[in-house]
Amino acid sequence: MFSKPLSANATLKPTPIAAALYRLIEIGALLGLLHLGLHASNALAIELPKGLVPEAVRTQINSIGAPAATSGKAASSATASGTDWAARLDAARAYHQQLQLKSSESEPLLPERTLAAARRLMLLSAQLQTSMEPSANGGANAAGGPAAATLTPLPGLPPYSMIDVDALRDQLDALLGRQAGLKMQGKSLETEVAAAVEARTSAEATLRRRQDQAAQLRLADGQKKAAAQLELSQIQAEVADLEVLQADQARSKARDALESLAQPIAQLQAEVARVSPHQELSDAELRRLTKEFAKEKDRATAERLKLEAQIGRLQSAELPSSGAESLRLELEALRMALSGLRELESLAREKTRLWQARQAAWAAGDSAEKKQAAAESLNRGDELVLGRLQGAAKQGDFLRAELRGQEARMQDMAADDVHRAEQQRILTALQTQLNVRERLISELSRAHLLLTRSRADMGLGLQPDDAKSWLKQLASWSAGFAAYLWNYELFSATENTQIDGNVVTVDYGVTVGKSLGILIMLGAGYGLSRWLSNVLINQMARRLHLSAALARVLRRWLNTILLLVVLMIVLKLARIPITAFAFLGGALAIGVGFGAQNVIKNLISGIIILFERKIRVGDIVSVGGISGTVQTVDLRATTLRGFDGIDAIVPNSTLLENQVSNWNGSSPDIRRVILVGVAYGSDVRRATQLITDCAANHPSVLQDPPPEVFFDDFAADALSLRLQFWFRLNGPRSGAGVDSDLRFAINDALAAAGISIAFPQRDVHLDLVGPIKVALETAPSTDQPATPR
């Protein structure tokens, strides 16, 4: 059996330093979770040192997200803000002029400081201009576009003119197009604000590092260079603040412009929905449109005749052979422009038929047959127009590329080149051709829009009419649904950047596509980290001769660390802040933190065990009534394999908080004890010698210290002898095997010497006054009861 270990196999208790470190790390983990929850609820304030941010920047950022003031107060605030920016601009201009007067030989980092000061000067000038702009322009004007027109409902009673309804629809399409453009601009500005905030964070970290370096230097030359670096870092930090402010102002203007469009668009949509079912095209309006189309045709004809005359003059002109190629290219471009003018003439004639088809579609009334015929006519016309539009668009793209190439050739030519005039004529011919092509594209797009509106108003001819059209429609729907699903936002997170208590927010959206990308990158990172940990640990095991169990534990820990690094890198690449995972709120984050306290405690305990190395893989330990060999030290728990082969999972914190006996300790030698009882009257000294010889002859029993036998006690049934010996763990025989071998040898030796091993005995003594009467009786039969005696 085991006895209490001696000092060589010390009982392990958590040292004061380890316990204190453990408690500090545990408290730090809980405070980190508390910080995460408070940050998610926007309750944490991180303030920068005073004087780092200009007062004008603080004043301007204070206005971000603040409610609009009255006109008088707004004007007063704008004036004060303009004064602050003007003072800041004057100081920055004076500093920049001072830098320009200095010599780069005596001043360290002078070019870098001059460049940063020029950038600051430009940003301050822009902020001054922004502060001086009147605030009464409205959000739409602030965004750089005209304010939405006030809607005037169509007067009178229905029916309404189709021309007037088209004008309303044109206005609605323009606002919707502008709304889409502002949404795209808003996404771009969100990215710009996030990049500016990230740059600002980096600039502040650099500034703090420079401040520490300047405080540590003592030499004069080092102080001068450190002062220059600190000054540069301060300018860069101020520039980063101004860039964040500028980007946030542009984003706010775009948001205001987008919000200002919501009401006009809703009003126009309601008005279009009201008048569209009651529109018509009268004969008088059709005749007026026909006259306008005829005038367009005449203008196109006049342009064509003029261009034909120009082509005729060029064909009859006599040029030297060196200019023949240039003339050919010029004529080719003009002939293509001439072809476009002919198409414009043809389209002007077809416009009348287009409006006649629209008139016929509305004049069909409730006749399904007439409506179907009109819808088929509109479909055929739209197919023709769409085909010509696609062809014209491709030609337009080709012309733009050719025009850019010709402009590049013109830029490469010298001003006095003799061929420059020829190339200029080719450039002019290409511009003429492109202008005609763009006019044709515009007219065809308008015709396609009008036909699409008529088809939509009728509600006929909108569904595919053959298998190919159905497949195209299905592919379009599938692509649209896939794009919607890919860009679907699962949740969003808001990260607050604080400047002296003033908040600039950056919103991060986590979409399905971004999540799938993260999973793919995490899978690739997991495979890479697993491969890298295997390679590194295998090399360590080969060079340092590590055991397989220890190598397995190190491989798991290294793989876990690499996975954490991969996770941070993936989140950084996906531009997802850690705060995105605190979207459930601060209170829940705190609750999860307390719930996960034991998990974190066990994790930190495992790290302490791994670095202290008081308990290692392969050690035999006893803790909480469990004894066994340490198999692994994982993230949460340690695995002990008992002497019966059963694995016990022990939380890591248990090994630090409770008393642990390490049977390996600093020495693998273990003391064991065997008790032997001999009968009273036996030769005790002879028995002691025999037992000592048995222990000394066993190969697993250590001779230093030598085995000893002690006369332990006069027991009730035997004379108790105690054999005490030492053996080495992980030897050829286990402790139980050595005990069994010694018991066999002691039994044989004592039996050969005639010494009996005692066993429990009891003597019973009866003290009576007279003799005991003894009588034999026959047992009674089963039928009759026995007679009492």
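Things worth noting here:
- A probe of 1.4 angstrom, applied to the heavy atoms of all protein chains, finds Tyr680 with accessible area near 120 square angstrom.
- Entry comment: accessible area of the range 615-662 is 42 Å² per residue, from protein heavy atoms only and a probe of 1.4 Å.
- ³J(HN,Hα) computed for each position of the range 264-273 - Karplus, 6.51 cos²θ - 1.76 cosθ + 1.60, integer Hz, glycine/proline x: x, 5, 4, 5, 5, 4, 5, 5, 5, 5
- Projected-area average for the range 615-662 over all orientations - Cα convex hull basis, square nanometres: 2.8
- Met540, Met413, ranked by accessible area, largest first (probe 1.4 Å): Met540, Met413
- Rg(Cα) / (2.2 N^0.38 Å) computed for the range 620-727, rounded to two decimals: 1.46
- Tensor-based shape of the range 160-255 (alpha-carbon gyration tensor, a/c under 1.5 rounded, otherwise prolate or oblate): prolate
- Separation of the Arg93 and Ile649 label points, Cα + 7 Å toward Cβ, nm: 7.3
- Of Lys394/Lys472; Lys224/Lys572; Lys187/Lys572; Lys514/Lys601; Lys351/Lys394, those spanning more than 28 Å from alpha-carbon to alpha-carbon: Lys224/Lys572; Lys514/Lys601
- Average projection, convex hull of the Cα set of the range 669-753: 5.3 square nanometres.
- Portion, in percent, of the accessible area of the range 615-662 that falls on carbon or sulfur, probe 1.4 Å: 49
- Computed over the range 331-408, the P(r) tail beyond 19 angstrom holds 53 percent of alpha carbon pairs.
- Ordered by 1.4 Å accessible area with all protein chains kept, Glu402, Glu238 run largest first as Glu402, Glu238.
- Per residue, the range 669-753 exposes 52 Å² of solvent-accessible protein surface, assessed with a 1.4 angstrom probe and all protein chains in place.
- Spin-label pair Ser202/Phe759, simplified geometry with 7 Å Cα→Cβ offset, distance in nm: 8.9
- Here r is the Cβ-Cβ distance between Phe481 and Arg728 and R0 is 60 Å; the resulting FRET efficiency, rounded to 0.05, is 0.25.
The values are calculated or read from the model by the stated rules, or taken from the named source; none is laboratory data. This is a predicted model, so every value here is computed, not measured. Counting neighbours? That spans all protein chains shown, and the Cβs are built from the backbone with ideal geometry, glycine included. Calculation scope for accessible area: heavy atoms of the full protein, side chains included, ligands and nucleic acids excluded. Shrake-Rupley method; radii C 1.70, N 1.55, O 1.52, S 1.80 Å.
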